[in-house]
Amino acid sequence: MSVVALKPYAFPAKDVQENFPAPLLFIGWEDHLMFGTPVALPLPPDTPFGALCTAVLPGTYGYHPDFARIDWAKVEWFKSGEPWKPDPAKSLADNGLKHKDVIRFRTPGLTGISGSCS
């Protein structure tokens, strides 16, 4: 749900990109409610998208039993709720990702511990 301010804010926003070591990217794993919300990760814009699967996400989601069974070729990606096909060879920026964007991934056939979505 979007919110509309009735009066203009009288202070500068604190969540602007300049206040973080790198742009924040929110990443969520569908059907795995052990992780109830997307994680916020500061990732340099020149990070190859493919590095998310091999170098970033294992440290975030790797302790879940389903993680080792992910077939990354079959993963379905979503950007702002819409189906999305990132290019793993291109950088996050070249894939159109910017500060505070939200992406989610669905792993067909994997729906949490014993199919519980947890």
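The values are calculated or read from the model by the stated rules, or taken from the named source; none is laboratory data. Since we're looking at a predicted model, the values are computed, not measured. Virtual Cβ from ideal backbone geometry, glycine too; neighbours counted across all protein chains shown.
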Quiz item: Using beta carbons and a limit of 7 Å, which pairs, at least six apart or on different chains, have the first residue in segment 62-83 and within 22 Å of Asp101 (Cβ to Cβ) and modelled with pLDDT of 95 or more and the second one charged (D, E, K, R) and part of a loop (DSSP other than H, G, I, E, B)?
Solution: Trp77/Lys85
Quiz item: Of all residues in segment 77-110, which are in a strand (DSSP E or B) and loosely packed, with under 12 Cβ neighbours inside 10 Å?
Solution: Glu82, Pro83
Self-check item: Meets criteria (out of contact with any Cys (no Cβ under 6 Å at 6 or more places or on another chain), among the β-branched types (Val, Ile, Thr), at pLDDT below 95 and closer than 30 Å to Lys14 by Cβ) for Thr37
Solution: yes
Quiz item: Which is outside any helix (DSSP H, G or I), in contact (Cβ under 8 Å) with a residue 24 or more places away in the chain and either under 28 Å from Ser2 (Cβ atoms) or out of contact with any Gly (no Cβ under 8 Å at 6 or more places or on another chain) (or both), of Leu57, Leu25?
Solution: Leu25
Exercise. Out of the residues in segment 35-54 that are in a loop (DSSP other than H, G, I, E, B) and without any contact (Cβ under 8 Å) to a residue 12 or more places away in the chain, state the one that is farthest from Thr111 (Cα to Cα).
Key: Thr37
